[in-house]
Amino acid sequence: MKVLVTGGAGFVGSHVVEHLLRAGHEVVVVDDLRTGRRENLPPGVRLYALDILDPRMGEVFEQERPQVLSHHAAQASVAISLRDPELDARVNVVGTLKLLQYCVRTGVRHFVFASTGGAIYGEATAIPCPEDYPPRPISPYGVHKLCAEHHLLAWSALYGLRGTVLRYGNVYGPRQDPEGEAGVVAIFTATMLRGRPPVIFGDGLHTRDYVYVEDVAEANLRVIEQGVEGVYNIGTGVETSTRDLFDLLRELVGYRGEPVYGPPRPGDVRRIALDCRRASEAFGWHPRTPLREGLSRTVAWFRSRLGERP
Ligand code: NAD
């Protein structure tokens, strides 16, 4: 199949690109490189360095005529969405809406949307949280991802475009940007490898569902190859507190210090984990990588990148 991956030079998108290529599909990438990097892409992949809001996107669709759109380009930080909610709406809502229109115009058959299970449900009382739990996001990022989901589902009903929403937990693994404001595993790992104490926002008891990036890429491959439609959580169902995550990473990095505690950040939910039984029933997907193993691979990758001894 020919798949256009937006955000394919970013963290999750680049792993999706790799999985698709390995399975023998043809891949084209659109990414304006605002947080992504060209080096994240395997050699030979065609990259259009364009903003998804750029009117030239229409020509990309006309020229490439993909069968599947894997939409990973996004403003992906809760903190930035609070500081600049309009930017978040432009990229995450209007950007998605524009892609939907190009898809219908050029006959794309399947639209797979990278959404968020971490930010869409809000302060859920059912944990692990199932897909049919009423979403009450508490950040512009969560609100806009939910809005984009609804556009996709409406578009599939209106125009017969196959629509899939994958609501990710906290994805971690190699190539996550440690300099950004999202991605606690990357930030903690890089900070401790540099011998500095990471900052925990809040009391350390906030919980998240950490899912390894290769498992997320595998879920993408399955829904594309099996033509699965619908809304699916992609996580592990396991809650891990920020303090426990810090302790695990500290041991793997070999850091001796304590973290610094800062005030909790607005927009961050207190607890979340995702019930992923629907994905397992619909397309046979299970998270394969235990947290310790995934973290250990991630630390090894950051070590090699930061020039440390393994
Ligand atoms: P990322 O920042 O590494 O990837 C986003 C990519 O999109 C980057 O390469 C960036 O350059 C590109 N991009 C951003 N705005 C663009 C625009 N207007 N036009 C073209 N390209 C643009 O972040 P990520 O963690 O890899 O996230 C990928 C997707 O997964 C996003 O949609 C995000 O909301 C979603 N997601 C991520 C997580 C996570 O834990 N990492 C959790 C839930 C959902």
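The values are calculated or read from the model by the stated rules, or taken from the named source; none is laboratory data. Given the structure is predicted, the values throughout are model-derived calculations rather than measurements. Cβ sites come from the backbone with ideal geometry, for glycine too, and all protein chains shown count toward neighbours. Keep in mind that these areas ignore ligands, DNA and RNA; they rest on the heavy atoms of the full protein, side chains included. Shrake-Rupley method; radii C 1.70, N 1.55, O 1.52, S 1.80 Å.
Summary table below
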item	result
If the convex hull is drawn through the Cα atoms of the chain, its volume per residue in Å³	118 Å³
Net lengthening on full extension, VAL94/ARG271 (0.36 nm per residue, minus Cα-Cα)	60.8 nm
The stretch 204-267: relative contact order as a whole-number percent, Cα under 8 Å and 6+ apart	45 percent
D_trans [Stokes-Einstein, Kirkwood Rh over alpha-carbon pairs] for the stretch 1-52, 10 °C, 1.306 mPa s, µm² s⁻¹	152 µm²/s
Rounded to 5, percent antiparallel among DSSP beta bridges of the chain	5 percent
Residue (of TYR102, HIS25, PRO287) at the positive-pole extreme of the chain, dipole from beta-carbon charges	HIS25
Dimensionless Rg ratio for the stretch 185-232, taking C-alpha atoms and the 2.2 N^0.38 Å reference	1.74
Three principal axis lengths of the stretch 11-135 [C-alpha, angstrom, descending]	46, 33, 31
Amide H partners (placed H, <5 Å) of ASN170, local residues excluded	ASP209, TYR210, VAL211
Heavy-atom SASA rank of TYR133, TYR261, TYR159 (probe 1.4 Å, accessible area, largest first)	TYR159, TYR261, TYR133
5 angstrom amide H check on VAL199, placed H, neighbours 5+ away	VAL260
Principal axis box of the stretch 146-269, alpha-carbon based, largest edge first, Å	56, 29, 25
Where a label projected 7 Å from the Cα of LEU82 along Cα→Cβ would reach, residues of the stretch 192-214 with amide N under 18 Å	199-208
Mean accessible surface per residue for the stretch 226-287, computed with a 1.4 Å probe while every protein chain stays in place, in Å²	49 Å²
Rounded if a/c under 1.5, otherwise prolate or oblate - the stretch 157-202, Cα gyration tensor axes	prolate
Share of Cα-Cα pairs in the stretch 128-205 lying beyond 21 Å, as whole percent	51 percent
The chain, dipole about Cα centre (Lys/Arg Cβ +1, Asp/Glu Cβ -1), debye to the nearest 20	400 debye
Carbon/sulfur fraction of accessible area - the chain, other protein chains in place, 1.4 Å, %	51 percent
J(HN,Hα) series, the stretch 90-105, from Karplus relation 6.51 cos²θ - 1.76 cosθ + 1.60, nearest Hz, glycine and proline x	4, 6, 7, 9, 5, x, 5, 4, 5, 4, 4, 5, 4, 4, 5, 5
Residue-averaged 222 nm ellipticity for the chain, from DSSP H runs of 4+ at -39500 (n - 2.57), nearest 500	-12000 deg cm²/dmol
Alpha carbon centroid spacing (whole Å) that separates the stretch 160-200 from the stretch 268-302	13 Å
Mean separation of Cα contacts under 8 Å (6+ apart) over length of the chain, as relative contact order %	18 percent
